Amino acid sequence: MELDEINKLLDEISSDRTVPRNIRVLIEQAKKDMNNTANEMPVRINSAISILDEVSNDPNIPIYTRTHIWNMVSMLEVINEKFKDAQSKGDK
């Protein structure tokens with residue numbers, strides 16, 4: 001599943017000591033929000049995307065980490081679209 005892959009990438013970034021601590025804290029928050037089953041999937045995904053967008057704009061983030069974050073945001077957007085499509089088909 002794509003969320004498992006994103007979780008793995010988030011774990012890699014949060015354990016990377018070359019990434020500033022404040023960014024690693026936000027990465028952990030994005031992971032927590034994304035995996036919070038108390039909320040519906042679109043809410044979880046949008047929360048994670050919001051945090052990752054904020055992180056990607058930090059001037060202190062290493063370039064390779066920023067690239068990983070952009071990739072994760074793209075993956076989350078695809079998952080969100082798939083979920084919306086499945087929901088709209090279920091409504092009919």
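Of note:
- Dipole magnitude (debye, nearest 20) for the chain, charges at Cβ of Lys, Arg, Asp, Glu: 100
- Between Leu76, Leu52, Leu26, the GNM of the chain built on Cα springs shorter than 10 angstrom shows Leu26 fluctuating the most.
- Bins of 10 Å from zero: percent of alpha-carbon pairs in the stretch 2-83: 20, 58, 20, 2
- Average Cα contact separation per residue, the chain, under 8 Å, 6 or more apart, as relative contact order %: 30
- Angle in degrees between helix 41-56 and the longest Cα principal axis of the chain, rounded to the nearest 10: 20
- Between 0 and 90 degrees, the angle of helix 63-91 with respect to the longest Cα principal axis of the chain falls at about 10 degrees.
- The loop-placed GluC sites (Glu not before Pro) in the stretch 15-92, going by DSSP, that have at most 13 neighbouring Cβ atoms within 10 Å of their Cβ come out as Glu40.
- Given their separation in residues at 0.36 nm each and the Cα-Cα distance between them, Leu3 and Ser15 gain 2.5 nm when the chain is fully extended.
- For the stretch 1-82, the list of trypsin sites (Lys or Arg not before Pro) that fall in a loop by DSSP and count at most 15 other C-beta atoms within 10 angstrom reads Arg17.
- Per-residue Cβ neighbour rank within 10 angstrom, fewest leading, Ile49, Ile6: Ile49, Ile6
- Ranking Ser15, Ile45, Asn35 by how far each Cα lies toward the positive end of the dipole of the stretch 4-54 (charges on Cβ) leaves Ser15 at the top.
- GNM top mover of Ala38, Ala30, Ala48 - the chain, alpha-carbon springs below 10 Å: Ala38
- Folded to 0 to 90 degrees: helix 2-14 orientation relative to the chain principal axis, Cα: 20
All of the numbers you see were taken from the coordinates with simple rules; none came from a lab. No experiment lies behind these values; they were computed from the predicted model shown. Here Cβ is always computed from backbone atoms with ideal geometry, including for glycine, and neighbour counts include all displayed protein chains.
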